[in-house]
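What follows draws every value from the coordinates through simple rules; no lab data is involved. All of these numbers come straight from a predicted model, not from anything done at the bench. Note that each Cβ is placed from the backbone with ideal geometry, even for glycine, and that neighbours are counted across all protein chains shown.
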Amino acid sequence: MAKYKLEYIWLDGYTPVPNLRSKTKIEEYDSFPTLEQLPLWGFDGSSTLQAPGGSSDCMLKPVAVFPDSTRVNGALVMCEVVMPDLTTPHPSNTRATILDDPDAWFGFEQEYFLYQHGKPLGFPSDGFPGPQGEYYCGVGFKNVGDIAREIVEEHLDICLACGINHEGINAEVAKGQWEFQVFGKGSQNAADQIWVARYILVRLCEKFGVDVEFHCKPIRGDWNGSGMHSNFSTKYMRETGGKEYFEKLMAAFQENMEEHIAVYGPENHLRLTGLHETQSIDKFTYGVADRGSSIRVPHAFINNGYKGYLEDRRPNSQGDPYQIASRILKTISSVPTS
């Protein structure tokens, strides 16, 4: 038997953007624990805006477990928050809102800024660096600075060792801005992985004296904001599809435009301006390979007989992937397939 350090991770009750919380539980196992072996665990909900002080018990229900390469016998345990009856989802539990479909595939492109001393990494103490142009996928000190690449490379290594299905990383259009991409089969699975990857990044940056800024437009003016472009497909979209179904699907997305924007992250009006590779927040458009549209349609989708995946470019970097996946699937489910 070995003692395992189980890091229970959950989302608190703050709105409109929940914070990641975590605490360590020590348990003994013969080998790395399975999800079924992990116990529920209580916490003080009155300290996380999830319960009043007079009735503060909330419960953590493990939903995904990953090995933690940064600790001896470590595990990262993503949890849902449930009520003391151990079954009822807590009102803050957005994961429970997903009509989960294992054949719904999501690829989330998480953009973010690395901040130090109140500015993005690489910004001078006074004023701004040179304009955007060479930073995207850039190399060299002038484009990426000194510790940024060390952070993103270490983050990638930790996530891969954990089993997070990263598909890539790159420097983004603004200085100090980066992106990682995670793909998952199953809507809850994909969203779980993004939240754990966010947690790993924020925790990693502690030792560098750096903060992760997920706000969608932390720098006003002629600088790109941060999104979390959401690539999605269902089994029907991949295997059957067709132009008629695609057009009905886009009509449904347009009809539900406001419902999507409502859960695509706070202050999105600062980012969705029609500039910097976005469409205006009050418009819905789609276009082939068009990064200025609400939904980008890949060439491969058209060439494959309107089958494959689509990219919703409206979700922002602070968006909750549980709510985003839930809303996308609700809209898709409203479109008849026959």
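Quick notes on this structure:
- Tally, over the range 190-212, of residues that are surrounded by fewer than 18 Cβ atoms within 10 Å (Cβ to Cβ) and in contact with a Phe, Trp or Tyr (Cβ under 8 Å, 6 or more places away or on another chain): 1
- Among the candidates 169, 164, 98, 151, residue that is surrounded by 14 or more Cβ atoms within 10 Å (Cβ to Cβ), of a type in the set (A, V, I, L, M) and under 20 Å from residue 224 (Cα atoms): 169
- Selection within the range 1-25 - of a type in the set (Asp, Glu) and in a strand (DSSP E or B): 7
- Sub-6 Å Cβ pairs linking a first residue in the range 311-338 that is on the phi > 0 side of the Ramachandran plot to a second residue that is charged (D, E, K, R) and surrounded by fewer than 24 Cβ atoms within 10 Å (Cβ to Cβ), at least 6 apart or interchain, number zero.
- Residue, nearest to the chain's Cα centre (by Cα), within the range 97-149, restricted to residues that are closer than 30 Å to residue 333 by Cβ and among the hydrophobic types (A, V, I, L, M, F, W, C): 108
Yes or no, residue by residue, for (1) touching a residue at least 12 places away in the same chain (Cβ under 8 Å); (2) in a strand (DSSP E or B); (3) of a type in the set (Lys, Arg); (4) in contact with a helix residue (DSSP H, G or I) (Cβ under 7 Å, 6 or more places away or on another chain):
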| site | (1), (2), (3), (4) |
| --- | --- |
| 39 | yes, no, no, no |
| 54 | no, no, no, no |
| 113 | yes, yes, no, no |
| 134 | no, no, no, yes |
| 143 | yes, no, no, no |
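- Filtered by the rule that a residue be surrounded by 12 or more Cβ atoms within 10 Å (Cβ to Cβ) and among the charged types (D, E, K, R), the range 124-148 gives 134, 142.
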